[in-house]
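Q: Would you mind keeping the following structure in view while I ask a few things?
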Amino acid sequence: MGLIVQKFGGTSVGSVERILNVAECVKEETDRGNQVVVVVSAMGKTTDQLVNMAKEISSQPSKREMDMLLSTGEQVTISLLSMALKEKDLEAVSYTGWQAGIITEPIHGNARITKIKTEAIEGQLQAGKVVVVAGFQGITETGEITTLGRGGSDTTAVALAASLNADRCDIYTDVTGVFTTDPRYIKSARKLLSVSYDEMLELANLGAGVLHPRAVEFAKNYQVRLEVRSSMEKVEGTIIEGEATMEQNLVVRGVAFEDKITRVTVLGLTNSITSLSTIFSTLAKNQINVDIIIQSTTETGAANLSFSIHTDDWLETLNVLEDNKSILDYEQLDAENKLAKVSIVGSGMISNPGVAAKMFEVLAENNIAIKMVSTSEIKVSAVVEEKYMLKAVEALHEAFGLGD
Ligand code: ASP
Ligand code: MG
């Protein structure tokens, strides 16, 4: 007998009919003789609707009350699913995050799980029950309800799988797995049979929405075998594990992309030893996330600095930089909007030189200018004009042999 954690996302539990379908998926697993813990999201767009209601009341609602509000979404699903399971003659019990023993740090809106007290769940499993747990929520040591950040139910599932020592964690969603690129935009995108933790972490951080990045981090740290699969179609999914065991020959395994990027340039920055730290700590204090950073020195010894941000943060960034002009000590600001980031990801890059060169060559052949570049051991990202984003993705997808 094995222990399986199954997680079902918002679309998969989006209606009563879908919840009945989920109950059937759970039953198939128990029929195979496995113990099952199920983690669910809120139904459909519930979380968005709750957020919108709060916004109608307050432009800056209390973070504590937001957690109180948003945690109700998942609570609806656990009770309905438990009822559906009972109709199928399965013993089931629903647990909120705190009943499941999910303890988090005392931060509202984006808390990390610090420990899981698994006794209650284990007791119910031993009594032969299916335990249905509300994703995305936990409780602090002092008894305050917290949430784990949007998309956080994935993290609940993986964390439970790790602490219960489960044999598998299956993430059921509305797509059939992890693709070489987004199939909604690129017709030749192909489903991958396996991806390594590191590759998945890069892809998730680069905007592939299929998994919460922190869930992947957790899976990597605790070696949880993850599988992403469809709750609607019975087809093979994508396995995420230490090494991608299939398709070894692929140097690049995926192409990710993200639009709405702005490049900010600060010209004539006095080149003192603290100028970079002053600028970036000022931005950080104002919650502005900076991605790629490029610095160069001019002939006169001053520095020019470029960095990329999400376009939504542009006005805020401009205000912060202008308000602090005298402290930061620069001459001029410049910005370019309507940019996008296109990235290639693959563990094979470590041992294959020339991957970045090939990427730049492909972009050049397509007359796409590169505005900024950043790399890690297993990814290369290039910032290009937004209007060329999909053209770049398509060309790279093809050039690295990812299409079908
Ligand atoms: N319901 C939450 C959200 O929509 C958490 C999740 O679905 O993972 O972000
Ligand atoms: Mg999700």
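The values are calculated or read from the model by the stated rules, or taken from the named source; none is laboratory data. Model, not experiment: these values are computed from the prediction. Here the Cβ positions follow ideal geometry from the backbone for every residue, glycine too, while neighbour counts run over all protein chains shown. Just the protein is used for accessible areas: all its heavy atoms, side chains included, with ligands, DNA and RNA removed. Shrake-Rupley method; radii C 1.70, N 1.55, O 1.52, S 1.80 Å.
Q: Counting only protein chains, not ligands or nucleic acids, how are Trp98, Trp314 ordered by accessible area (probe 1.4 Å), most first? Each step should come with its number before you reach the end.
A: Numbers: Trp98 140, Trp314 45 Å².
Sorted by accessible area, descending: Trp98, Trp314.
Q: With every protein chain left in place and a probe of 1.4 Å, what is the accessible surface of Ser351, to the nearest 10 Å²?
A: Number for this one is 90 Å².
Q: Can I ask one more? How large are Rg and Dmax for region 229-314 when calculated on the C-alpha trace, in angstrom?
A: 20.8, 65
Q: Next question, about the same structure. Would you list Thr77, Thr375 from the most to the least accessible area, probe 1.4 Å?
A: Values: Thr77 0, Thr375 95 Å².
Sorted by accessible area, descending: Thr375, Thr77.
Q: What accessible surface, in Å², does a 1.4 Å probe find on Phe360, ignoring ligands, DNA and RNA and rounding to the nearest 10?
A: Ignoring ligands and nucleic acids, Phe360 comes out at about 70 Å².
Q: For the chain, what D do you get in µm² per second when you plug the Kirkwood radius from alpha-carbon pairs into Stokes-Einstein at 10 °C and 1.306 mPa s? Walk me through the numbers before you get to the answer.
A: Details: Rh = 23.0 Å.
My calculation gives 69 µm²/s for D.
Q: A follow-up question, please. Would you please name the trypsin sites (Lys or Arg not before Pro) within region 113-149 that are DSSP coil residues with at most 13 other C-beta atoms within 10 Å of their C-beta? Write down the numbers at each step before the final one.
A: Values: sites: Lys115, Lys117, Lys129; in loops: Lys117, Lys129.
Filter output for region 113-149: Lys117.
Q: Could you sort Leu206, Leu390, Leu318 by their accessible area in this structure, using a 1.4 Å probe and putting the largest first?
A: On the way: Leu206 10, Leu390 65, Leu318 40 Å².
Highest to lowest solvent-accessible surface, that is Leu390, Leu318, Leu206.
Q: What per residue convex hull volume, in Å³, do the alpha-carbon atoms of region 88-212 yield?
A: 135 Å³
Q: Would you please classify the overall shape of region 66-142 from the alpha carbon gyration tensor, given that a ≥ b ≥ c denote the square roots of the eigenvalues, rounded means a/c under 1.5, and beyond that prolate means a/b larger than b/c while oblate covers the rest? Provide the component values of the computation, followed by the final result.
A: Values: a/c = 3.91, a/b = 1.54, b/c = 2.53.
In terms of gyration-tensor shape, oblate.
Q: From the backbone phi of region 303-310, what are the Karplus-calculated ³J(HN,Hα) couplings (6.51 cos²θ - 1.76 cosθ + 1.60, θ = phi - 60°) in whole Hz, Gly and Pro given as x?
A: Along region 303-310, the couplings run 10, 10, 10, 10, 8, 10, 9, 6 Hz.
Q: For region 161-304, what ratio Rg/Rh do Cα atoms give with a Kirkwood hydrodynamic radius?
A: Rounded to two decimals, Rg over Rh is 1.12.
Q: Please report the antiparallel percentage of the DSSP beta bridges confined to the chain, to the nearest 5.
A: Numbers: 45 of 73 bridges.
Roughly 60 percent of the DSSP beta bridges within the chain come out antiparallel.
Q: Order these peptides, 223-233, 363-373, 81-91, 161-171, by their mean beta-carbon neighbour count within 10 angstrom, highest first. Don't jump to the answer; show the numbers that get you there.
A: Details: 223-233: 18.9, 363-373: 14.9, 81-91: 16.7, 161-171: 20.9.
Per-residue Cβ counts within 10 Å, averaged per peptide and sorted highest first, yield 161-171, 223-233, 81-91, 363-373.
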